[in-house]
Amino acid sequence: MKFMKKIQLFITLILAGAFMISCGSGSNISKDAARKLKDYNTYSFLPNKDTIKDRSYNNHRIHELIISTINNNMSAEDYAIDNSRPDVLVYIHPMFDERVADVNADPVYTNFSYYRPGLYIGDYYTDYTYDNYFTIQRITAGGEIKQIPYKEKSIVIDFIDRKTNQILWRGTANEEIGSKRWERDIRNYIDEIFKEFP
């Protein structure tokens, strides 16, 4: 009987450890992708046309805050903005609207519909948007990039190789973005993502 209890305890510890490992920020990354991110030093944003429909949140302010916090973290990683020929494209997807049991079987976002130059995008992207964003039609995810279930009040950030249109690294976090102190929570959430940045 004691032997069986020890086996059960051992199995429980292994499963708990695997669960904790799988819950961390960010995603698995190949050595090649990690090397690229370490060698690269410029970035720009792919504009996110999604808007937050939940009127209890200020869509404009949330995007503004996300972009400024990412910029601060990218600067700390020695990246500089270059909107003409960036090494890395940054794409954000803030998920603040309610959805029930919506789990993406594919990566969170792989298709873009930038049909023409000059398509309206939020002014929070002023000075930070890749000049030729409208030429990006499809992003591919490597086999090691996590598929992220839709999680309300979360943010996913993709770091994309501009030349290959392949996601190098996808970051998210398990932090809680509350409704009362959401500005502070968003900053903390993104800072948490960058703790795992390669």
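The values are calculated or read from the model by the stated rules, or taken from the named source; none is laboratory data. On a predicted model such as this, the values are computed, not experimentally measured, just so you know. Glycine also receives a Cβ, built like all others from the backbone with ideal geometry; neighbour counts cover every protein chain displayed.
Are any residues in segment 22-80 at pLDDT 85 or above and in a loop (DSSP other than H, G, I, E, B), and if so, which ones?
The answer is Y40, N41, L46, P47, E77, D78, Y79.
Before we move on, is P94 at pLDDT below 90, touching an Asp or Glu at 6+ places or on another chain (Cβ under 9 Å) and surrounded by 13 or more Cβ atoms within 10 Å (Cβ to Cβ)? Break it down into steps so the answer makes sense when it comes.
On the way: at pLDDT below 90: yes; touching an Asp or Glu at 6+ places or on another chain (Cβ under 9 Å): yes; surrounded by 13 or more Cβ atoms within 10 Å (Cβ to Cβ): yes.
Criteria met by P94.
With the condition kept exactly as written, say whether any residue in segment 163-176 is surrounded by 15 or more Cβ atoms within 10 Å (Cβ to Cβ), at pLDDT 90 or above and closer than 21 Å to D39 by Cβ.
Residues of segment 163-176 that are surrounded by 15 or more Cβ atoms within 10 Å (Cβ to Cβ), as a first pass: 165-173, 175.
Restricting the remaining residues to those that are at pLDDT 90 or above gives none.
No, because not a single residue in segment 163-176 is surrounded by 15 or more Cβ atoms within 10 Å (Cβ to Cβ), at pLDDT 90 or above and closer than 21 Å to D39 by Cβ.
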